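Data first, discussion second: the structure below is written as structure tokens.
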Amino acid sequence: DMDDVSAYDVAKANVNLALDFARSFVSTDEIEGDVAVMLPDESECNIMLEDLKLEPKPYPGVILTSLRKGEEGDTRMFKPENLFIGLMGRGSGGTVKPIEGVGMYVIVVASAQELPDVEELYEQIKTPTTDGGKEPVIVFYNLKLDVLRGDLGAPAFPGKDFQDRFLSRVKPVYYLRTRQYSRSVSQPPFIINFQGCIFRSYPGHFQTLLDTGTGRYRKVVGNDLRPALGEFKEQLTDALREEGAIAKKEEEGALFGFLRTGYKTTTWWEDEREDASLEWRT
């Protein structure tokens with residue numbers, strides 16, 4: 001029963017999935033070095049290691065560790081200063097450090113407040129290697145970044161500039177975002193419910209898929225640029241117009257169409273703003 005699944009159960013499942021994901025990259029041509037699966041802080045990591053009955057190196061070439069690390073010899077399970085640093089200041093206070101010999105960092109169960117720590121890690125590893133080796137990469141694993149973006153700018157959260165400065169540069173490798181809509185029509189059944197999704201499997205393009213109601217999806221549009229939510233909804237609506245399920249635009253009328261759509265058809269980070277980054281679309 002899904003009602004019995006807690007957030008911690010989901011976190012444990014994501015850690016296990018991330019560990020399997022990390023194992024698949026060990027000793028491959030894509031990655032040089034070990035793979036580190038990273039939780040936000042040491043206390044979470046210690047609890048997870050104990051609960052899952054794992055060692056810090058559960059598999060050859062795979063490390064389960066944390067973004068923030070205390071000083072050597074500090075064995076406290078809970079470190080209140082980490083909470084204070086996260087709420088009252090920018091940055092980790094020097095507790096985020098790269099790991100020598102690691103070629104991939106897999107970030108799991110991080111909140112919007114903890115994402116700046118990932119940026120801090122990136123700033124330390126982005127320097128090109130001098131020996132011709134591959135640069136380490138960072139993977140955001142099942143973090144639901146579109147949801148976390150909604151918290152930016154709120155009290156005690158990173159500012160909205162964090163989206164343009166850093167988050168917009170995260171490339172969706174496997175992306176699936178579903179949406180459900182309703183639309184009134186002038187004939188029976190008077191209300192049409194429809195749904196679809198934006199899908200991408202890198203390096204493929206973004207696909208707008210319409211749920212056919214038979215357990216399958218039909219591709220409506222494919223594009224190299226990710227559509228904003230308003231554009232995505234309009235693509236689904238156009239597909240229904242072509243099928244004759246709803247009236248054509250010219251039959252509906254411009255005013256009625258505007259009232260249906262509304263003035264605001266994008267989320268704040270999809271808007272064309274001054275100094276906004278559009279890298280999230282690629």
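Residue count for region 168-191 satisfying the condition of being within 20 Å of GLU243 (Cα to Cα), part of a loop (DSSP other than H, G, I, E, B) and either open to solvent by less than 90 Å² (accessible area, probe 1.4 Å) or in contact (Cβ under 8 Å) with a residue 12 or more places away in the chain (or both): 2. The set of residues in region 10-43 that are open to solvent by 60 Å² or more (accessible area, probe 1.4 Å) and farther than 21 Å from GLY101 by Cα comprises VAL10, ASN16, LEU17. The set of residues in region 44-66 being surrounded by fewer than 19 Cβ atoms within 10 Å (Cβ to Cβ) and of a type in the set (Ser, Thr, Tyr) consists of TYR59, THR65.
Residue-level analysis places PHE194 outside the set of residues that are surrounded by 15 or more Cβ atoms within 10 Å (Cβ to Cβ), out of contact with any strand residue (DSSP E or B) (no Cβ under 6 Å at 6 or more places or on another chain) and not in a helix (DSSP H, G or I).
Each row is one residue, and each column tells you yes or no for (1) over 30 Å from LEU115 (Cβ atoms); (2) open to solvent by 70 Å² or more (accessible area, probe 1.4 Å); (3) part of a strand (DSSP E or B); (4) of a type outside the set (A, V, I, L, M, F, W, C).
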{"residue": "VAL147", "(1), (2), (3), (4)": "no, yes, no, no"}
{"residue": "LEU152", "(1), (2), (3), (4)": "no, no, no, no"}
{"residue": "ARG200", "(1), (2), (3), (4)": "no, no, yes, yes"}
{"residue": "GLN207", "(1), (2), (3), (4)": "no, no, yes, yes"}
{"residue": "ARG218", "(1), (2), (3), (4)": "yes, yes, yes, yes"}
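Within region 222-229, the presence of at least one residue that is surrounded by fewer than 17 Cβ atoms within 10 Å (Cβ to Cβ) and closer than 17 Å to VAL147 by Cα is confirmed. From the list VAL106, VAL139, VAL118, the lone residue that is open to solvent by 30 Å² or more (accessible area, probe 1.4 Å), over 20 Å from VAL220 (Cβ atoms) and either modelled with pLDDT of 95 or more or in a loop (DSSP other than H, G, I, E, B) (or both) is VAL139.
The values are calculated or read from the model by the stated rules, or taken from the named source; none is laboratory data. The structure presented is a predicted model; accordingly, all values stated were derived computationally and were not measured. Neighbour counts run over all protein chains shown; Cβ positions are idealised from the backbone, glycine included. Quick note on the areas: whole protein, heavy atoms, side chains included, nothing else; ligands and nucleic acids left out. Shrake-Rupley method; radii C 1.70, N 1.55, O 1.52, S 1.80 Å.
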